[in-house]
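Below is one structure, written out as C-alpha cells; comments come after it.
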Amino acid sequence: MNRKSFGLRVIASGLLVAGMLTVAASVSTVTAAGAAKKLPPYLIGVPMPMTGAEAQAGTQIYNAELMAAQQINKHGGVLGHPIKLLEQDDACDAGTAVNAVNLLVSKGVKAFVGGYCSGSVLPTEPIISRAGLPYVMPAANSPELTTGGYKDMFLIDPSGSGDGAEAAAFFKQQGITKIYIIDDQSSFGVAIADAAAKDVAAAGGTVVDGGVQSIPATSNDFSAVISQIKSSGATGIYWSGYFSQAAQFATQLNAAGVIGPNGTAKFVVADGSVDATYLSAAGAAANGTYATIAALASGVGNVLGSHADKVFNLAYRKEFKSAPGPYSAFGYDAITALVLAAKHVHSIVPKRVNAGLRTLHFVGLTGKISFDKTGNRLGATMDLLEVVNGKYTLAKPQP
Amino acid sequence: MRALELRDVSVFYGAVRGVEHVDLHVDEGEIVSLLGANGAGKSTLLKAISGIVHPRAGSIEFFGDALAKQSAHRRVRRGLVHVPEGRRIFTTLTIAENLELGAYGIQLGRGERADRLREVLEHFPILQRHFDRLAGTLSGGEQQVLAIGRAMMSQPKLLMIDEPSLGLDPQKIDIVYDMLEEVARLGTTVLLVEQNVSLALEISARAYVLQQGSIVLSGDASTLAEDPRVADAYLGKVNDVPE
Amino acid sequence: MVVSGTMPPLTPSAGVGFRIARRSLVGVLLIAAVLFPEFTQSPYVLGVAFQAEMLMCLALGLNIVVGYAGMLDLGFAAFFAIGAYTTGILSTKEHWSIIATIVPGVAVAVVCALIIGFPTLRLRSDYLAVVTLGFGEIIQTIAINLNQTGGPTGIYAIPMLTIGSVVVGSNTGYYYVFLVLVVAFALFSTRLRNSRLGRAWLCIREDEDAAKAMGINTNHYKLYAYVFGAVVGSITGAIYAPALSAISPASFGFSESLLIVMAVAIGGLGSIWGAMFGAAVVEIFPEVFRSFAQARLLVFGIALVVLMVVRPRGLFPERAFHGLGARVRARLARRSAERSLPVLGDMAES
Amino acid sequence: MSLLLNELGNGIFLGAFFGLVALGYSMVYGILRLINFAHGDFFMVAAFVSYTILGAVLVGHNSHGQWWTLLWVGVVVMVITGGLNMLANQIIYRPMRRAAILSLMIAAIGLSQILENGVLVTPQWGATYLVYPVTSPPAGFNLGSNHYTWAQLIIVLVSGLLALGTYFLVGRTLLGKAMRAVSEDRIAAMLMGVNVDLVIAIVFFIGGALAGAAAVMTGVYYGQINYLMGFTVGLEAFTAAVLGGIGNIGGAMLGGLVLGVVQSIGTAVFGSEWAIVVAFGALVLMLWFRPTGLLGERVARRM
Amino acid sequence: MTAVLQTEQLSLRFGGVDALSDVSLQIAESSLHAIIGPNGAGKTSLFNCLTGYYRPTGGAVRFRGSDVTRLDPAKVAGLGIRRTFQNIRVFPKMSVIENVLAGGHLRATPNLLSIIASGPRFRKVERQLREEAMESLDFVGLADQWSNLAGDLPYGMRKRMELARALIANPVVVLLDEPAAGVSSVEREELSRVIQRIHSRGICVVMIEHDVDLVMEVATDVTVLDNGRVIAEGAPHDVRSNPDVIRAYMGRERK
C-alpha cells in the first residue's frame, strides 16, 4: 500500500458520506410513500457481550450499531420499516449465547448483527442458519466462522490475514528478520498472530523463541516475556491482542529499554490495539510504535483527517459521552451493510437479504466492503500507522 | 451479697429446650455445684450466664446488675469468667499467649499484664515449665490447668467451671480441686458443674440438681450428699419421689 | 430386641406415609418434566431448560465430591471439558458417532481424576480447593494452547447426536436426552448414597480420623468420589458437545466450575433434590434477569447474597424434613413434660 | 545465571503484589475460614475509587511524580476500602456466623458479582479500561540485564513494610493474639472477654486496606484499571496464600514471592502460555511434600 | 493363655519427647484389660499405635502373632481391632443408625453393580446389617434413638453409640478410651454392665480408664503406664496395692 492509495481512500470516504446521504434519500422516498401504512419494525437481533470480560468491546460496537440504526430511522428506516435492534447479552459464553440467540429467534428477528467472541458465535450459527437468517458480524474474525458449513455468515472485520501480511511487509521493509510474535490467547488475537507468523516466514523472516507466544488476556505483567525478548535478540515485536494489554506491554518494553529512545526494537500492534486508551495509557511509551489496521477504521479518523470518520467520531462522542472503540466503526458498517443489502433487493425477507449481502458493494467507514462466496470480506485494504507525539499518523513510507 | 441470681430463666435452641424456669443464686465467696445427668442442661445454664447463648425468658443478675442484654465479652470485663467444657485452650498459641489472653477483657497495661502473668505462673508451676510451648502440645491434664490459670488471669469475681475433672487422673483431680478451693479462699465465688457428684459436693457449700432442663433439687451439699433422690435425678426418676 | 421384618429406613423421618407422599411427588414431577415440552414450543425456553438439566447433571456429579465426601472441588468443569473435547475431537476429526465417544471421554476423565486425585486428595479441604482450581485452569490452558483442540476458538460443526436411527437435532430432543441423564444420575446418586460407599463418604466428610476406625480406607474412598464425579462430568460433557454443536475453552473455565459449586451449595450440600434445584436456580435466574440488561448479573449477585444470608444451609438442606420432624417432636415432648413434671420445692428454703 | 537473576527480580516484583493482596485474603481466611472470592474485587473497587479521587485532586497537574498526593490518597483509599470490606462483613458475613463455610463462600461469590457489575453499571466507570491519572516515570536502575524503575523499587518496599507491619500486629500485639484466638475458637475467645465481632471487623478492615494499597500501586505501575482486574488478582492471591500456608501471615507474603518467581521462570522455560500450568504444577508438587503449605500451620494436633 | 494383641519394645518419640519407651504388653485372648496411668503417661498414644494412627518410632505391634505395626488405621480396623475415642468421634450429621452402619462398613457389599441396580444381594446384606445395627443399639440401650442425628445426642448417649458402632463389626478386640469420662456415678453402673456384657460375648476389651473403682470392678488385667513406661502390671488388686502405682497415680483417699 502506498500513499497514493491512501489519497484515493480519502476521496472514497468523501464518497461514503455521499453514499450515506443517498441511502438516506432513497430510503426516505420509500418512507414518504409508506408512511401511511406504518410498516412493522425491522427487527435485528444483536447478541453481544454486555457483561463479563468483553463487555467494553460489546458496548462500543452495540453503541455504534445503535447510532447507525437511529440515523437510518431518522431518514425513514429500511424500505419504510423502522429498524429495531434487540440486544441480548451473550457474555461471550457459549451457553448464554445460545440462549440469547434462541430468545431473539423466538422474538421474530429478521437478521442478526453482532457476535464478538468466536467461541460463543460458533454454537449459535446452526440456530441462525436453521432459521435462515442473515448474520453480519462486525468484529469476530476467526476463519472458522465461515467454514463451519453454515451459509449466510458475513464477516465485516477483515483482520487476520490482512493484519499479518501488513506487519510482515513492514518488518521486511525495515530489514528486521528476528521477530517476536505474541498473542493474548483470544481467538481473535490468535487468528492474527498465526497469520502473521506465516507471512513473516514467507517474507524470509524468523519468528524467534520457537513460534508464536501467548500471554493470557488477564495478565498485565510482561516482565518475564520482556526478558525473553531481550535474550532472543528480536528486533521486531508484533502484538496481536487488545489495546489495554498493548499499552502495558509498550510501557514495560519502554521502561526495560527494549523500545523507546534507547531501544533498538520496533513494536507493532494489530488492529485490536488501535484505540485512544492505548495512546493515553502508554503515554510517551506509545511514541514510535506501530499498528496495522483495516484502512480508515475508526478511532484514527481524527488524526488521519478522513471526513466521514471524523463525523462518526464526533457523533459517537456526542451520543455516548465516550470515545468509540477499535471496532465501533465495524459495527456501524455492519448495520449499513445489512440495510443496503435489503434496499438493494427491495425486501427485508431474510432469504432475499442474504442474496443482497452476497452481491453488495459499498464503501463504508472501514473501506470498501463486499463479501466473497463464504462471507469473508473482500477487498479490504490495510494501513500501517505510527504513533508520533501521542497521535496516530500514517507511517511513511507505507510498506 | 448475691454474686449471681437467676430468676425464671429459660433457654431454647430453636424449639429444643435447653433449660426452663430456672431459679438459682450464688452468694459471694461460696462454692456452688450444679449437678445432673448428661443433657440435663447444666452447660446450657452456664452458657446463658456467660452470654454465649441468650435466654428466651427470665433475668440474670450479677452483683445486683442485670446482665440480660450484655454481650459475653462485657460480662468477662465485669469479672464473670467461664471455663467451658472441654477446656478450649488455644492450641496454636503458646502457653504464655493463652494466659495473656486470659487478661484480655480487663485491659491491663503491659506491665500489669506481666505482673499478673508472673503471679499466675507461680500458682501453676506446671505451666511455668513449658511457658513458650504451643498449648496444643500439653497433655489433657495440663490443658485443664492452663484453662483454670487462664481464667484466673483476669482475677474474676465469679468463676464458672464446667467439668474440671473430665479426663483427669486421680492425682490431677486432686490438684485441680485443691486449686478451686484455693481460688474460693482468695475470695472468688465459684459455680461448678460436675459429673462426679461426691467430688463436687465435697468442696461445695450448696448444690442444685438439674433434670431435663429444670431444677428438681437444691440444698446444702452435706444434706444432698445423703439424699438418694440425687441419684434418682440422674436416672430421670425424681418426679417419682413423693414430696 | 429383635427388629421385626420391616427394614428401618435410612431417612429417619421417612415413615410409610411420608415415603408414599415422596414417591408420588417424584412421580408427579417426572410426569410434569416429561410433558413440559408439550406446553411450550419456544426453542428459547427449551434451550434454557436443557441447559438447566445439563447443569443439574454436573451438580449431581459434583455433589458426590463436595456434598458427600466433603472435598471442595473448584475445578469440576475440567471433567466436563474432557468429556466435551473428547467427543468434539473424535466426532469431527475421526468421525466417530457421538455415543461411541462417551467411552473414551469417560476413560480420559477417569485417568485424569486418578492422576490429579491420587497425590492431592489427602490434602485438607482448602488446599484441595486450590489444587483442583489449578487443575481446572490447566485443562483450560491446554485446550487454549493445543492445535488439536482448536485453540481459543475451539471445535465447531460437531455432528448431531444419533441414538440408533434417531437423530437428536432440536432443543426438545436434547431436553429429553438430558432429562434421561438427570434421572439416571439422580438415581445413581441415591443408590450410592444409601450404600456403603455413601456412608463411607459421609463419614469422611464428618470426621476423617474416625472414618478410618470404621475400616474405611479414606484415601481410596475419596478417590472413588472424585472418579465418580469425573464420570458424571465427562458424560455430561459428551452430550453437551453435540447439543451446542461448538465448544470452546471459555465454556470450561473457573467461572463454570464456580457455577456448579454454586448450584450444589444453593440447593444444600449433599442433597440430591438440592443439587437439582440449585442448578435450575443458577441457570434460570440470570435468564430471568435479562430484562435488567447490563445490570442482570448485579441483580443475580444480590439475589445470591440474599439467598445465602436468609437460607445459609441452602434451599433443600440434607435432611430438611428430618429437622422439621425433630422440631415437632421436641414441641410435643415439651408439652407432655410440662403437664407431668411436678415442681419440687427448694429444699434449702423449705 | 543472569536469566535466573532476571526472573528472580521479575518474580519478586510480581510477588510483592500477589503477596499484599494474599495477606488480606489469608487473614480473612484465617479468621472465618472463608475463601473470600470478593477480596480481589475490593482491590478493584479501590482502584476505581482512587482513580476518581486522584482525577479530582490532580486536575491540571502533571501526572508524574505526585508522590505526596499519592501517599495521602493511598491512605484515604485504604481507609475507604477497609471500611467497605468491614461493611460487607457486617451486612453479609456477620448474620451468617453459623452458616457452613461453603455458604459463606457462595455469598462471597455473590458479593463479587455485585461489586464487578456494580462498577460496570456505574456511569463514570463502566466496562472501559480507564487510564490511571498518575503514572510512574521510567527512570530507574539496572540489575542483571534487567531494568527496574524506581517506582518498582518503591512498590516492593511499601509492600514489604505493610507486610511487616501486619506481621507485627498479628504476631506481637495483644489484638493480634486475640485475632489468632478468634480464628481458632470463637467461643473460647469470647469467654476471654474478646469482642469477637469487633476483632473480625478489624481483620476485614485490615484485609481491605491492604488490598486498597495494592490497588493504588497497581494503578500507578500498570497505568490502567478495569472492572474485572480484581478477579485474576484474587485467584492469584488465593493461590499464593495457599502456597505459603493459608492463614499464615508470613506464608502469604512468601507464597506471593514464590508464585511470582515460579511464574516468571516458567515463562522463561516453557513459554508464557504455559506459565499458569507451571505455577499450578509447582503448587501440586509443593503440596505433595508439604501438605499444609510452605510455612504450614503451627498446629500440634492431638488425636 | 495366648496374646491376641501384643507390643514389643514399643517406642514413640514426638519432637524430642518420649511418649512411649519400650512398652511391651501382652493382651490375652478374652481378657478385659485396663490401662491406667496419669495424664500424659502415653495411654492414648499407645492406643494410637495399636490402631495404626501413629507410626511407632521403634518396636512392633502384633495381632495374633502377625506384625501390624505399619498398617494404616483402616487396615487395622479391618482385622477386627476396633476403638472408641477419648473425646468421642461421632459423625454428627448422620443418623444414629447410619453411624452404626458405618461401623459395619466392611461387612456391607462392595459390589458396585449390585448397589446401582439395588440388586437382591445388596438388599439382603443391607437388611441384615440394619437388623444387626438395631440389635447393637438395643444392646447399648439406644434403640429408640436410632433415627436422631448423632450430633443431637447428649454426651453419654454418644458414648454408648460409639460402643454400638464398634460392636457391629464383630470385632476381636475393642479398645475403649476412657469410657467412663464424663459419665455420672449413676450412669457408670449401667456402663460397667455394658462393658462386662461385651466381654462376656467373647470380645477382648482393652480400656483406658481413670476411674479406679470401675477398673477394679470389671478388669481382669491391669497395666499401669507412667511417663511412657510400664510401671506395673498384673491382677487389679495387686496393682492397686503396688506402692509405685499409688505414688504415681492414686489420688488421696477422699472422705
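The values are calculated or read from the model by the stated rules, or taken from the named source; none is laboratory data. Since the structure is predicted, the reported quantities are computational estimates derived from the model, not experimental observations. Ideal geometry is used to build each Cβ from the backbone, glycine not excepted, and the neighbour counts take in all protein chains shown. These accessible areas exclude ligands, DNA and RNA; they are computed on the full protein's heavy atoms, side chains included. Shrake-Rupley method; radii C 1.70, N 1.55, O 1.52, S 1.80 Å.
Before moving on, here are some points about what is shown:
- Neighbouring partner chain Cβ atoms per residue of A:255-265, average, 10 Å criterion: 3
- Cut-off under 5 Å, modelled amide H: who pairs with residue B:38 long-range: E:184
- Counting, for every residue in D:119-131, the Cβ atoms of other protein chains within 10 Å of its Cβ and taking the mean gives 6.
- Placing a pseudo-label 7 Å from each Cα along the Cα-to-Cβ vector at residue B:61 and residue D:79 gives an inter-label distance of 4.6 nm.
- A Förster radius of 60 Å combined with the Cβ-Cβ distance from residue C:41 to residue B:70 puts the calculated FRET efficiency at roughly 0.40.
- Volume of the convex hull of the protein assembly as shown (Cα atoms only), normalised per residue: 192 Å³.
- Kirkwood Rh (inverse of mean 1/r, distinct Cα pairs), segment D:2-298, angstrom: 19.5 Å
- Taking the chain by itself as reference, segment D:77-102 contains these residues with an accessible-area loss of 50 Å² or more in the full protein complex (1.4 Å probe, heavy atoms): D:102.
- Between D:230, D:118, D:251, the GNM of chain D built on Cα springs shorter than 10 angstrom shows D:118 fluctuating the most.
- Distance (nanometres) between label positions extended 7 Å along Cα→Cβ at residue D:87 and residue C:220: 5.5 nm
- Hits among lysines - C-alpha to C-alpha of residue C:212 under 16 Å, sequence gap 8 or more where chains match: C:222, E:75
- Rounded, prolate or oblate (a/c below 1.5 giving rounded, otherwise prolate when a/b exceeds b/c) for segment B:100-200 by Cα gyration tensor: oblate
- In terms of packing, defined here as the mean over residues of other Cβ atoms within 10 angstrom, the peptides D:6-18, A:38-50, E:188-200 line up highest first as D:6-18, A:38-50, E:188-200.
- Formal net charge of residues neighbouring residue C:144 (Cβ-Cβ distance under 11 Å; K, R +1; D, E -1): -4
- Sulfur and carbon atoms: percent of accessible area, segment B:2-236 [1.4 Å]: 48 percent
- Accessible area expressed per residue, segment C:99-152, with surrounding protein chains retained (probe 1.4 Å, Å²): 36 Å²
- Rounded to 5, the percent of DSSP beta bridges in chain B classed as antiparallel: 55 percent
- With only the Cα atoms considered, segment B:13-132 has a convex hull volume of 154 Å³ per residue.
- A viscosity of 1.002 mPa s and a temperature of 20 °C, combined with the Kirkwood radius over Cα pairs in Stokes-Einstein, give a translational diffusion coefficient for segment E:88-170 of 167 µm²/s.
- DSSP assigns beta bridges within chain E; of those with both partners inside it, close to 55 percent run antiparallel.
- Cysteines having no other Cys beta carbon under 4.7 Å from their own, within the protein assembly as shown: C:57, C:112, C:203, E:49, E:204
- Using Cβ point charges alone (K and R +1, D and E -1), the dipole size of chain B about the Cα centre works out to roughly 1100 debye.
- Low-density loop cleavage sites - chymotrypsin sites (Phe, Trp or Tyr not before Pro) in segment C:252-295, where at most 15 other Cβ are within 10 Å (DSSP): none
- Take the accessible area of chain D alone and of chain A alone, subtract that of the pair, and you get about 2400 Å² summed over both chains, using a 1.4 Å probe.
- Reduction of at least 50 Å² in accessible surface, 1.4 Å probe, comparing all protein chains with the chain by itself, residues of segment C:262-304: C:290, C:294, C:296, C:297, C:298
- Percent carbon-and-sulfur accessible area, segment D:2-298, ignoring ligands, DNA and RNA, probe 1.4 Å: 72 percent
- Sequence ranges D:164-173, A:90-99, B:156-165, ranked by mean other-Cβ count within 10 angstrom, highest first: A:90-99, B:156-165, D:164-173
- The A-C contact accounts for roughly 2300 square angstrom of buried accessible surface, both chains included, probe 1.4 angstrom.
- Here the protein assembly as shown carries DSSP beta bridges of which approximately 50% are antiparallel, counting only pairs with both residues inside.
- Cβ neighbours within 10 Å from other chains - mean over B:170-178: 4
- The mean accessible area for residues of segment B:169-208, using a 1.4 Å probe and ignoring ligands and nucleic acids, is 29 Å² per residue.
- Cα-based helix-to-principal-axis angle, E:120-139 vs chain E, degrees rounded to 10: 40 degrees
- Total accessible area lost when C and D pair, probe 1.4 Å, Å² to nearest 100: 3700 Å²
- Surface composition of segment C:42-254: carbon and sulfur make up 68 percent of the accessible area, probe 1.4 Å.
- Averaging 1/r over every pair of different alpha carbons in chain A and inverting the result gives a Kirkwood radius of 21.2 Å.
- Computed label-point distance, nm, for sites residue D:150 and residue B:122 using a 7 Å Cα→Cβ extension: 5.9 nm
- Dividing the convex hull volume of the alpha-carbon atoms in chain C by its residue count gives 220 Å³ per residue.
- Rounded accessible area per residue of chain E, 1.4 Å, Å²: 38 Å²
- Residues along segment B:89-112 losing 20 Å² or more of accessible surface when the other protein chains are present rather than the chain by itself (probe 1.4 Å): B:90, B:91, B:92, B:93, B:97, B:100, B:101, B:104
- Once the Cα-Cα distance is subtracted from the 0.36 nm per residue extended length, the residue E:113 to residue E:246 segment shows a gain of 41.9 nm.
- The order of the peptides B:142-148, B:1-7 by mean Cβ neighbours within 10 Å, most packed first, is B:142-148, B:1-7.
- Net charge of neighbours whose Cβ lies under 12 Å from the Cβ of residue A:42, counting Lys and Arg as +1 and Asp and Glu as -1: +3
- Residue D:147 accessible area, assembled protein chains, probe 1.4 Å, Å²: 50 Å²
- Environment charge of residue E:47, counting only residues whose C-beta is closer than 9 Å and scoring Lys/Arg +1, Asp/Glu -1: +1
- Anisotropy class of segment B:2-236 from Cα gyration tensor, a/c 1.5 cut: prolate
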